[in-house]
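Accompanying notes for the structure given below.
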Amino acid sequence: IVLDSGFCVLEAIIYLWSVGAVFAAALCKKRRYPPKWVPWNWIKHHMQDAVVGAVKCITGTLRGIPYNLWIMKDVEYVLTMMSTYGNDQRPFYKHRKTYRTAKDGTLISFFYKDVFSNHFNFRHCVDDNNHLRHMRPSIKETWKTQRWVNRVFAFFLAVSEMNAYCMMRFFVWKGKAELTIFQFR
């Protein structure tokens, strides 16, 4: 599971693992509510002179379950992720090659580790599906109801509709949208 930064809570990631070995990763942001157990000062000190694409992994355990804190140097920032999968000893998975332009203008290429690759590949899935769900005419806009039960039912209908559309697009149409969302509705 690739989680949004709003769900970056180590206890939650550990809980997902403990209820059935569900692998999870979440982006750590140091903004209003930074996640616990992230050594921000150590990260800043050790990554300030690192080359772009350099990756470090800090491992730990919480209640006997191992987790990783992944740190990657980018051109203008340091990307930090928490996960219950990935291993620093394992060779790089060549999921996604990326290119960055350094401040001096040189082009830098490197391969993402699997945790970062998954983040960049799947971070917009929920947003994209919500965008489709809210496209007009949506059930939320056409069914003007004040009853809580009906609004919840309308939400489940809309989510089911989007899941059906996304499954058709992925499994049947093989990535191409044969029908627009309006035609599908």
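The table below lists the values:
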{"quantity": "Top-ranked residue in the range 119-128 [being under 23 Å from residue 71 (Cα atoms) and open to solvent by 90 Å² or more (accessible area, probe 1.4 Å); ranked as modelled with the highest pLDDT]", "calculated": "122"}
{"quantity": "Search result, residues across the range 12-21 that are free of Cβ contacts under 8 Å to residues at least 24 places away in the same chain and surrounded by 13 or more Cβ atoms within 10 Å (Cβ to Cβ)", "calculated": "12, 15"}
{"quantity": "Qualifying residue in the range 129-138 (condition: open to solvent by 60 Å² or more (accessible area, probe 1.4 Å), more than 28 Å from the chain's Cα centre (by Cα) and of a type in the set (A, V, I, L, M))", "calculated": "no"}
{"quantity": "Residue 176 among the charged types (D, E, K, R) and in contact with a helix residue (DSSP H, G or I) (Cβ under 8 Å, 6 or more places away or on another chain)", "calculated": "yes"}
{"quantity": "Boolean, residue 178 is closer than 24 Å to residue 46 by Cα and either of a type in the set (Ser, Thr, Tyr) or exposed (fewer than 15 other Cβ atoms within 10 Å of the Cβ) (or both)", "calculated": "no"}
{"quantity": "Those residues of the range 154-175 which are open to solvent by less than 70 Å² (accessible area, probe 1.4 Å) and assigned to a loop (DSSP other than H, G, I, E, B), in sequence order", "calculated": "173, 175"}
{"quantity": "Unique match (being in contact (Cβ under 8 Å) with a residue 40 or more places away in the chain, open to solvent by 40 Å² or more (accessible area, probe 1.4 Å) and of a type outside the set (Gly, Ala, Ser)) among 151, 147, 100", "calculated": "100"}
{"quantity": "Verdict on residue 9 being within 22 Å of residue 99 (Cα to Cα) and either open to solvent by less than 50 Å² (accessible area, probe 1.4 Å) or touching a residue at least 12 places away in the same chain (Cβ under 8 Å) (or both)", "calculated": "no"}
{"quantity": "Test result for residue 106, open to solvent by 60 Å² or more (accessible area, probe 1.4 Å), of a type in the set (S, T, N, Q) and closer than 30 Å to residue 78 by Cα", "calculated": "yes"}
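The values are calculated or read from the model by the stated rules, or taken from the named source; none is laboratory data. Quick caveat, the model's predicted, so the values are computed rather than measured. Virtual Cβ from ideal backbone geometry, glycine too; neighbours counted across all protein chains shown. Surface accessibility is based on the protein's heavy atoms, side chains included, excluding ligands, DNA and RNA. Shrake-Rupley method; radii C 1.70, N 1.55, O 1.52, S 1.80 Å.
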